[in-house]
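Report on the structure given below.
Every read-out reported here was derived from the displayed coordinates using simple, explicitly stated rules and does not represent laboratory data. On a predicted model such as this, the values are computed, not experimentally measured, just so you know. Virtual Cβ from ideal backbone geometry, glycine too; neighbours counted across all protein chains shown.
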Amino acid sequence: MRACAKKYGGGSYQGTGSAVPNDADQNAGALAPGGLLEEELWGIVGLIHDFDYEKYPSLEDHPYKGNEILKERGWPEIIRRAIMSHAEYTGVTRDTPMEKALFACDELAGFITAVALIKPSKSLAEVDVKSVRKRMKDKAFARKVNRDDIINGAAALGVDLDEHIGFCIDAMKPIAGELGLDGSAAKSG
């Protein structure tokens, strides 16, 4: 999401850039004095968007329970709205570049991770667009990953699917160690 902020955002969060302010614009000032850097905001959203999933994995609960928890703890609407928008079934539209990017990267990041973990090195260094596309055709591989969400997410961002897959792989590589996808798992096994 931080890489997406650099590519699709505008530097520091000033709202949606729309001539008509929306709730996201009105709540942006509550993030930090002087505004939160867009990269930080998008990174936070990406980091916490599924925080409630392990405890509340059902469609009836996720991300609704997480949204309630964040609201009770005073998290700003812009973050809560983005999190709600990442699930198709909530009915919350994806209007901002951040909301669209979260949806476009959510399933894809997990899928790329799964592809890396089947490589002999268990490293992102071995993952490329071709290997991701090949695995997308295999419905038995990472079967819970919604391929339509991956395809529709790239389309909503207005980018070619292969370009988006490549962008996401490249965005994950600098943090491969933090993700456990730098090959160290293969070396210790």
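A compact table of results
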| item | result |
| --- | --- |
| Considering residues of the range 103-151 that are among the acidic types (Asp, Glu) and part of a helix (DSSP H, G or I) only, the residue surrounded by the fewest Cβ atoms within 10 Å (Cβ to Cβ) | Asp148 |
| Residue that is surrounded by the most Cβ atoms within 10 Å (Cβ to Cβ), among those in the range 88-102 that are under 15 Å from Glu77 (Cα atoms) and free of Cβ contacts under 8 Å to residues at least 60 places away in the same chain | Glu99 |
| Where Lys71 falls short, out of the listed (1) more than 16 Å from the chain's Cα centre (by Cα); (2) of a type outside the set (Phe, Trp, Tyr); (3) closer than 19 Å to Leu181 by Cα | (3) |
